[in-house]
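Peer 1: Submitted below is the structure of interest, expressed as structure tokens.
The values are calculated or read from the model by the stated rules, or taken from the named source; none is laboratory data. Please read these numbers as outputs of a predicted model, since none were measured by experiment. With ideal geometry, Cβ positions are generated from the backbone for all residues, glycine too; neighbour counts draw on all protein chains shown. Keep in mind that these areas ignore ligands, DNA and RNA; they rest on the heavy atoms of the full protein, side chains included. Shrake-Rupley method; radii C 1.70, N 1.55, O 1.52, S 1.80 Å.
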Amino acid sequence: MNIIFLGPPGAGKGTQAQRICDALGIPQISTGDILRKAIKDATPTGLKAKAYVEAGKLVPDDVLIDIIKDRLAMEDCKKGYILDGFPRTVPQAEALEGIAKIDCVVELEVDDENLIRRLSGRRVCLNCGATYHVSMLGDRTTCEKCGETLIQRKDDAPETVLNRLNVYHEQTAPLIKFYESRKLLKKFDGMQGMEEVYQSIMDTLGALA
Ligand code: AMP
């Protein structure tokens, strides 16, 4: 199954997508992770994307469409995948229609107040990508999974978080109508506990399979 995870930053797309991909044995394709790796490795794409990502702005559509075209052509995508963070604009969604057939769009809904709290308190492991919230960490400063130091992403700084939410409402939220009109959209309450959200999504995907 080819699935899109749609929702504002901090809605839990990455966490849920990772778990569901593990359960279904399909790859999680996070354009944010791909861009962060490109920036870290200072590739030509990374150099182009750096200023946008750090400011919480969207990287130009043509860059993202090229990344996705290359990634979806890889062997491991043949049995399905979850797109986490793509598409984020209507032109990206239109381009995707020429590249892939999407079976379901999972939308996670969380209100802005909770998103700000989640993102500003988020800490990530630069090595394995695991995410934590400061409220759960206590004195801990390293990753439980791999021992690497946890950091705050530059774009999780409070002033950038507000910018990312505005970008979501202006440029990405129109995709809700886009996919509703194609009868692909399934909405989930992202304010529920992680386990409940996971079960609801798995039940819905199970019914579609
Ligand atoms: P994320 O980890 O999904 O929150 O993405 C982090 C940042 O990467 C975003 O704030 C954008 O700067 C950039 N990015 C990720 N995916 C896309 C996309 N589909 N279109 C444009 N920019 C993107």
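Peer 1: Failed condition for Ile20, given (1) surrounded by 18 or more Cβ atoms within 10 Å (Cβ to Cβ); (2) within 14 Å of the ligand (Cβ to nearest atom); (3) at pLDDT 95 or above, with all others met?
Peer 2: (2)
Residues checked against (1) surrounded by 12 or more Cβ atoms within 10 Å (Cβ to Cβ); (2) at pLDDT below 95; (3) in contact with a Phe, Trp or Tyr (Cβ under 8 Å, 6 or more places away or on another chain):
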site: Gln171; (1), (2), (3): yes, no, no
site: Ile176; (1), (2), (3): yes, no, no
site: Glu180; (1), (2), (3): yes, no, no
site: Lys186; (1), (2), (3): yes, no, no
site: Asp189; (1), (2), (3): no, no, no
site: Gln192; (1), (2), (3): yes, no, no
site: Glu196; (1), (2), (3): yes, no, no
site: Ile201; (1), (2), (3): yes, no, yes
site: Ala209; (1), (2), (3): no, yes, no
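Peer 1: Can you find a residue that is modelled with pLDDT of 95 or more, farther than 25 Å from Ala23 by Cβ, out of contact with any Asp or Glu (no Cβ under 9 Å at 6 or more places or on another chain) and surrounded by 14 or more Cβ atoms within 10 Å (Cβ to Cβ) anywhere in the range 68-83?
Peer 2: For the range 68-83, residues modelled with pLDDT of 95 or more, farther than 25 Å from Ala23 by Cβ, out of contact with any Asp or Glu (no Cβ under 9 Å at 6 or more places or on another chain) and surrounded by 14 or more Cβ atoms within 10 Å (Cβ to Cβ): present.
Peer 1: Do we find a residue being closer than 15 Å to Val167 by Cβ and among the polar types (S, T, N, Q) anywhere in the range 1-15?
Peer 2: no
Peer 1: When the range 74-86 is examined, which residues are found to be of a type outside the set (Lys, Arg) and either within 11 Å of the ligand (Cβ to nearest atom) or in a loop (DSSP other than H, G, I, E, B) (or both)? Walk me through how you get there before you give the answer.
Peer 2: In the first step, residues of the range 74-86 are kept if they are of a type outside the set (Lys, Arg); the result is 74-77, 80-86.
The answer is Met74, Gly80, Leu83, Asp84, Gly85, Phe86.
Peer 1: Checking Thr89 against (1) closer than 23 Å to Asn166 by Cβ; (2) within 15 Å of the chain's Cα centre (by Cα); (3) open to solvent by 20 Å² or more (accessible area, probe 1.4 Å), which single condition isn't satisfied?
Peer 2: All conditions pass for Thr89, except number (3).
Peer 1: Give the residues of the range 25-73 that are assigned to a loop (DSSP other than H, G, I, E, B) and within 7 Å of the ligand (Cβ to nearest atom), sorted by residue number.
Peer 2: Within the range 25-73, Gly56, Lys57, Leu58, Val59 qualify.
Peer 1: What is the one condition in (1) without any contact (Cβ under 8 Å) to a residue 12 or more places away in the chain; (2) surrounded by 15 or more Cβ atoms within 10 Å (Cβ to Cβ); (3) hydroxyl-bearing (Ser, Thr, Tyr) that Thr141 does not satisfy?
Peer 2: Here Thr141 meets the rest and fails (2).
Peer 1: Which members of the range 148-206 meet the condition of being within 22 Å of Asp22 (Cα to Cα), free of Cβ contacts under 8 Å to residues at least 24 places away in the same chain and outside any helix (DSSP H, G or I)?
Peer 2: Across the range 148-206, the qualifying residues are Gln192, Gly193.
Peer 1: Next up: Taking the options Ile65, Ile116, name whichever one is within 19 Å of Lys37 (Cβ to Cβ) and open to solvent by less than 70 Å² (accessible area, probe 1.4 Å).
Peer 2: Unique residue meeting the criteria: Ile65.
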